[in-house]
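S.K.: Below you'll find the structure I mean.
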Amino acid sequence: MPEVPQDFVQLFLDYLKYQKRYSTHTIRSYHDDLAQFFGFLQMQFGELRLGEIGHNHVRSWLASMKENDISSKTINRKISSLKSFFKYLVRTNVLEETPMTRVITPKISKRLPDFIRENEAERLIGSLKNSEDWKSLNTKMLVTLFYTTGMRLSELLNLKENQLDFGKEQVKVLGKGNKERIIPVGHEVVSMIKDYLNHKKEEFESPDVTLLVTQKGKKMYPKYAYLLVKSFLNTEVKTLNKKSPHVLRHSFATHLSNNGADLNAIKELLGHSSLAATQVYTHNTIEKLKNVYKKAHPKA
């Protein structure tokens, strides 16, 4: 077995890219977590062969992160990266067993996601200006589409014009792991998108094929979109702790749940791989039920 595990890290990353079809962002996270882990081992224990790495080495790394006030959520993600890596090594017969079986993941407190209340959301969408200024057009598109479709930032920014079906009033979204899903859109949203596309044709000779573009006709990049949404929410909503595109995705899911949407349907619309990730959106519904119970039940 080779002394240096980096070759196997690359094989693992290639596996994630070509067989699991993970996104570039996800693969970068795995790469960074593994590079950090092996960098720590090198510094603390010198060169170790893969077969020499035990649960105590992993625990030492976790303890060092805890000492540096790294959050439990981040530590859990790094543990998950290691588990996947060593599981891959066992499956490909590089190792007989994984050192992760005796590693315990720290508990994390479940923080309810920030969301905008329904009456605020209606006011918010109504306050978006019908300006022909490109920045305002983009703000309107971003805020409306995040709230009415629940798409992730990366999904919306990568959405191409040919993924829109105006006849069926739906969009085909390419989500995590290149999984496709269909999201319905209302008539008003379709009209807004058509107006945007008309402006786009008038404004630029050969704009990018993605739906949303900057004022130069280039594909919109994450920071540009994030700052437009954050700036708008800062002005319009004073009650939120966090002001980001993800808050609008949370609001989309919460409002569906509050209005009786089936949890499995919400899961499909959000592109979640498991129902566990979607269950957090029942938080407000449960609070409503508690209030109804307290007001209406004689024994409450």
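S.K.: Between LYS160 and residues 5 or more places away or on another chain, which pairs have amide H atoms under 5 Å apart, with H built 1.01 Å from N, and which residues are they?
M.R.: So LYS160 has HN proximity to LEU211.
S.K.: According to a simple spin-label model (label point 7 Å from Cα along Cα-to-Cβ), what is the distance in nm between GLU67 and GLN170?
M.R.: 5.5
S.K.: Another question, if that's okay. Among ASN162, GLY150, ALA276, whose Cα projects farthest towards the positive end of the dipole of the chain, with charges put on the beta-carbon of Lys, Arg (+1) and Asp, Glu (-1)?
M.R.: Towards the positive end, the residue furthest out is ALA276.
S.K.: Find how much the distance from LYS242 to THR24 grows on full extension, using 0.36 nm per residue of separation minus their present alpha carbon separation; answer in nm with one decimal. Show your work: numbers first, answer last.
M.R.: Details: separation 218, 0.36 × 218 = 78.48 nm, distance 2.58 nm.
Between LYS242 and THR24, full extension yields an extra 75.9 nm.
S.K.: Considering only protein heavy atoms and a probe of 1.4 Å, how much of the accessible area of the chain is carbon and sulfur, as a whole percent?
M.R.: On the way: 8930 of 17840 Å².
With neighbouring chains kept in place, the figure for the chain is 50 percent.
S.K.: List the relative contact order of the chain as a percent without decimals, with contacts defined as Cα pairs under 8 Å and 6+ residues apart. Intermediate results must be reported in sequence, preceding the final value.
M.R.: Working: 301 pairs, mean separation 49.5, N = 300.
About 16 percent, as a whole number.
S.K.: What list of ³J(HN,Hα) values in whole Hz, one per residue of the range 133-140 in order, does the Karplus curve 6.51 cos²θ - 1.76 cosθ + 1.60 (θ = phi - 60°) give from phi, with Gly and Pro shown as x?
M.R.: 5, 4, 5, 5, 4, 5, 4, 4
S.K.: Is the range 1-115 rounded, prolate or oblate when judged by the Cα gyration tensor, a ≥ b ≥ c being the square roots of its eigenvalues, rounded requiring a/c under 1.5 and prolate requiring a/b larger than b/c?
M.R.: Values: a/c = 1.83, a/b = 1.23, b/c = 1.48.
Oblate.
S.K.: Taking Rg and Dmax of the Cα atoms in Å straight from the coordinates, which label in (1) 20.6, 72; (2) 18.5, 71; (3) 23.2, 71 is the correct one?
M.R.: Checking each listed value against the structure points to (3).
S.K.: For helix 222-236, what angle does its Cα long axis make with the longest principal axis of the chain, in degrees from 0 to 90 and rounded to 10?
M.R.: 50
S.K.: Classify the range 88-215 as rounded, prolate or oblate from the Cα gyration tensor: take a ≥ b ≥ c as the square roots of its eigenvalues, call it rounded if a/c is under 1.5, otherwise prolate when a/b beats b/c and oblate if not. Kindly include the intermediate steps, with their values, before the conclusion.
M.R.: Values: a/c = 2.83, a/b = 1.81, b/c = 1.56.
Prolate, since a/c reaches 1.5 and a/b exceeds b/c.
S.K.: Order these peptides, 250-257, 62-69, 150-157, 210-217, by their mean beta-carbon neighbour count within 10 angstrom, highest first. If you can, show how the numbers build up before the last one.
M.R.: Details: 250-257: 22.1, 62-69: 12.0, 150-157: 20.5, 210-217: 16.6.
Per-residue Cβ counts within 10 Å, averaged per peptide and sorted highest first, yield 250-257, 150-157, 210-217, 62-69.
S.K.: Taking the Cα centre of the range 15-111 as the origin, how large is its charge dipole in debye, to the nearest 20, when only Lys and Arg (+1) and Asp and Glu (-1) carry charge on their Cβ atoms?
M.R.: Working: 17 positive and 8 negative charges, 137 e Å.
Charge dipole, the range 15-111, about its Cα centre: 660 debye, nearest 20.
S.K.: Hull surface divided by four, with the convex hull built on the Cα atoms of the range 51-130: how many nm²? Walk me through the intermediate numbers first.
M.R.: Working: hull surface 38.3 nm².
The orientation-averaged projected area of the Cα hull of the range 51-130 comes to 9.6 nm².
S.K.: How do THR278, THR26 rank by accessible surface area computed with a 1.4 Å probe, from largest to smallest? Walk me through the numbers before you get to the answer.
M.R.: Working: THR278 0, THR26 45 Å².
Most to least solvent-accessible, the answer reads THR26, THR278.
S.K.: Now for a separate question. For HIS55 and LYS223, what does the FRET efficiency come to when R0 = 45 Å and r is the distance between their Cβ atoms, rounded to the nearest 0.05? List each step's numbers first, then the result.
M.R.: Numbers: r = 40 Å, r/R0 = 0.88.
After rounding to 0.05, the efficiency reads 0.70.
S.K.: On full extension of the chain, what length is gained from LYS216 through ASP7, given 0.36 nm per residue of separation minus the C-alpha to C-alpha distance? Don't skip to the answer; put the middle values down first.
M.R.: Details: separation 209, 0.36 × 209 = 75.24 nm, distance 4.19 nm.
Gain on extension, LYS216 to ASP7, equals 71.1 nm.
S.K.: What is the dipole size for the chain, taken about its Cα centre, with +1 at each Lys and Arg Cβ and -1 at each Asp and Glu Cβ, in debye to the nearest 20? Mind showing how you got there, number by number?
M.R.: Details: 47 positive and 32 negative charges, 201 e Å.
Here the chain has a charge dipole of around 960 debye.
S.K.: For the range 173-238, what is the accessible area per residue in Å², given a 1.4 Å probe and the full set of protein chains?
M.R.: Working: 4050 Å² over 66 residues.
So the range 173-238 comes to 61 Å² accessible per residue, rounded to a whole number.
The values are calculated or read from the model by the stated rules, or taken from the named source; none is laboratory data. Computed from a prediction, not measured in an experiment: that's the story for all the values here. Note: ideal-geometry Cβ built from the backbone for every residue, glycine included; neighbour counts use all protein chains shown. The area values use the complete protein model at the heavy-atom level, side chains included, leaving out ligands, DNA and RNA. Shrake-Rupley method; radii C 1.70, N 1.55, O 1.52, S 1.80 Å.
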